[in-house]
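Step one of this worksheet: look at the structure below.
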Amino acid sequence: QPSKATLVIATDHPQFKIHKEIYGQFAEDLGAGIYGGIWVGKNSKIPNIDGYRRDIVNAIKQLSVPVIRWPGGCFADQYHWMDGIGPQSQRKPIINNNWGGGEEDNSFGTNEFLNFCKLVGAEPYISGNLGSGSPKEMSNWVQYITATNGPMADLRKKYGHPAPWKVKFWGVGNESWGCGGNMTPEYYSDLYRRFSTFLPNYNGNVLYKIASGANADDYDWTNVLMKNIGYRMQGISLHYYTVPKTWADKGSATSFSDQEYLTSIEKTLHMGELIAKHSAIMDKYDPQKKIGLVVDEWGIWTNVEPGTNPAFLFQQNSLRDAIIAALNFNIFNQHADRVRMANIAQMVNVLQSIILTKGDKMILTPTYYAFEMYKGHMGGQFLDSNMKCDSVNLGSEDSPMLSASASEKDGVLTLSIVNIDPTRDADLTCVLRDGTYKSVMGEILTSKNLTDINTFDLPSTVQLKPFTSAKLKGNDVVLKVPAKSIITLTIQ
Ligand code: AHR
């Protein structure tokens, strides 16, 4: 017997913009995230455009990825950008000490990253090295990328890029409370003030400077940075991962019980509380919400695939992961008045990836399809909605079985609904409070099992399908939301 649910959407009251960067990506120099994943070099047998895998370029373009963060993560605070410029054959190899200690030829550097962003139509988000670098090094990097003249700009011209690039998003350190230097928030605040003083805006390129923010529920970190840095930063980051079990044994990506799934959902929904509490602290110092909360690392973190290098963080991706992504999107949309950007960890071959590669093969993961389903929310106006539905017990607490978010752009209403419940369908009536809508179209992502995955042999087990059974009845839309599914409706 399906459960009954009602969703009232305030279509007459657009609230705030959902920044497209909430649907951003993170690509660290880690495992096969860059080398082999995005970058194979011009001489590779794998089809490529100037060294970038053609299949990856196409998949990322298709998703309209708005922003990509690079080079880390923890790697950012060990990366010295000058090692990665100039002719590729003359670059010194580096050892990736953070992630397995392997040697890399450094052929993917600043030019390669910025040209990649241009190729796929995404904005770059550079994560600067505060942990082991100097203010001079970071300052020079900004000049190399964005200035028309000066010694670093001359170097860029010499290395084949006469015109400056535009770079808006600039991180000043990463996880400075941990791998980025094990600092106290007071010490980091002082360093942030020092480093950021030397990050100029050249030629109308205005930097959006992002301070290294809190680990999960470290509210003191946010409080100290808001107090000591204030409007010297435009954004402050937050990192929070869904770890199904414990950090020592995170749980398998492909084999888990319904109870473990529900625990993962419970941990994912904690993101809502974290954002609300960090935002409340920010409100004290910045009631007009000028400083953005940048959730630049989020996603499910499981054990690596058996037989792979534990330092490479290569994990499979199931229907559960897509549901986790969609729940996070609903939370980010709901808090988009404060959440300025979010970047899933990570784009290719690392943690909760949207794409996996093996040699010349590539697959799109269920999480890729979740992103595809939420594209319509990018740049839309958030619409408040009120869900009345049954609950599901997640383990230590209950949660409504349905989660939704709605937005409006150019007269089109985009409504995304997630049914968390592993077994129960829901009959849902959506009440559109205003407006005369004439048509409804939809897409659904679900599968027989929550553990279903796409593999290199069977790449289409979990796939996006048209959803045609939603009906308009006056100002209502009625539909059945199957158990463990994500639906996006486009209503106009
Ligand atoms: O995303 C993997 C790692 O997780 C990042 O390098 C680091 O910032 C975080 O701890």
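Given the criteria within 16 Å of the ligand (Cβ to nearest atom) and in contact with a Leu (Cβ under 8 Å, 6 or more places away or on another chain), does VAL295 qualify?
Answer is yes for this residue.
Condition first: part of a loop (DSSP other than H, G, I, E, B), surrounded by fewer than 19 Cβ atoms within 10 Å (Cβ to Cβ) and within 16 Å of the ligand (Cβ to nearest atom). Now tell me which residues in the range 84-115 satisfy that.
Listed by number, the residues that qualify are ASN97, GLY100, GLY101.
Quick one: count up the residues across the range 212-265 that are among the polar types (S, T, N, Q), closer than 30 Å to THR197 by Cα and in contact with a helix residue (DSSP H, G or I) (Cβ under 8 Å, 6 or more places away or on another chain).
5
Have a look at ILE56, ILE126, ILE46 and point out the one that is part of a loop (DSSP other than H, G, I, E, B) and either within 16 Å of the ligand (Cβ to nearest atom) or at pLDDT 95 or above (or both).
When all the criteria are applied, what remains is ILE46.
Being closer than 25 Å to TRP99 by Cα and surrounded by fewer than 20 Cβ atoms within 10 Å (Cβ to Cβ) is the filter here, so list the residues in the range 43-56 that pass it.
Of everything in the range 43-56, those that are closer than 25 Å to TRP99 by Cα and surrounded by fewer than 20 Cβ atoms within 10 Å (Cβ to Cβ) turn out to be SER44, ILE46, GLY51.
Can you find, within the range 339-354, the residue that is farthest from ARG54 (Cα to Cα) among those that are part of a strand (DSSP E or B) and either away from the ligand (no atom under 16 Å from the Cβ) or among the small types (Gly, Ala, Ser) (or both)?
Looking at the filtered set, the residue picked out is VAL339.
Between residues in the range 76-103 that are in the same structural domain as GLY41 (by TED's automatic domain parsing) and among the small types (Gly, Ala, Ser) and residues that are assigned to a helix (DSSP H, G or I) and surrounded by 13 or more Cβ atoms within 10 Å (Cβ to Cβ), which pairs lie under 7 Å by C-beta distance while being six or more apart or on different chains?
GLY84/THR110; GLY100/ALA311; GLY100/PHE312
Among the residues of the range 470-477, are any under 27 Å from the mean Cα position of the chain (by Cα), in a strand (DSSP E or B), assigned by TED's automatic domain parsing to the domain that holds CYS430 and charged (D, E, K, R)?
Narrowing the range 470-477 to residues under 27 Å from the mean Cα position of the chain (by Cα): none.
Taking every residue of the range 470-477 in turn, none turns out to be under 27 Å from the mean Cα position of the chain (by Cα), in a strand (DSSP E or B), assigned by TED's automatic domain parsing to the domain that holds CYS430 and charged (D, E, K, R).
Based on this model, can you work out whether THR302 counts as within 16 Å of the ligand (Cβ to nearest atom), buried (at least 20 other Cβ atoms within 10 Å of the Cβ) and more than 15 Å from the chain's Cα centre (by Cα)?
So THR302 passes the test.
Applying the selection to the range 263-292, what residues are of a type in the set (A, V, I, L, M, F, W, C), under 17 Å from MET341 (Cα atoms) and free of Cβ contacts under 8 Å to residues at least 60 places away in the same chain?
Pass one, the range 263-292, residues of a type in the set (A, V, I, L, M, F, W, C): 265, 269, 271, 274-276, 280-282, 291.
Subsequent filtering for residues that are under 17 Å from MET341 (Cα atoms) retains 271, 274-276, 282, 291.
Across the range 263-292, the qualifying residues are LEU274, ALA276.
Grab the strands (runs of 3 or more DSSP E) fully contained in the range 360-448, keeping just those with 1 or more residues being more than 27 Å from the chain's Cα centre (by Cα) and in the same structural domain as VAL481 (by TED's automatic domain parsing).
381-388, 391-393, 426-432, 440-445
Has the range 191-201 got any residue that is free of Cβ contacts under 8 Å to residues at least 40 places away in the same chain, small (Gly, Ala, Ser) and either touching a strand residue (DSSP E or B) at 6+ places or on another chain (Cβ under 6 Å) or surrounded by 20 or more Cβ atoms within 10 Å (Cβ to Cβ) (or both)?
Within the range 191-201, one or more residues are free of Cβ contacts under 8 Å to residues at least 40 places away in the same chain, small (Gly, Ala, Ser) and either touching a strand residue (DSSP E or B) at 6+ places or on another chain (Cβ under 6 Å) or surrounded by 20 or more Cβ atoms within 10 Å (Cβ to Cβ) (or both).
State which residue is farthest from the ligand (Cβ to nearest atom) when the search covers only the range 305-329 and only residues that are under 15 Å from VAL350 (Cα atoms) and among the polar types (S, T, N, Q).
Top of the filtered list is SER318.
Looking at the range 288-325 only, could you name the residues that are closer than 30 Å to ASP421 by Cβ and of a type in the set (Lys, Arg)?
Passing the criteria: only ARG320.
The values are calculated or read from the model by the stated rules, or taken from the named source; none is laboratory data. All values derive from a computational prediction rather than experimental measurement. Ideal geometry is used to build each Cβ from the backbone, glycine not excepted, and the neighbour counts take in all protein chains shown.
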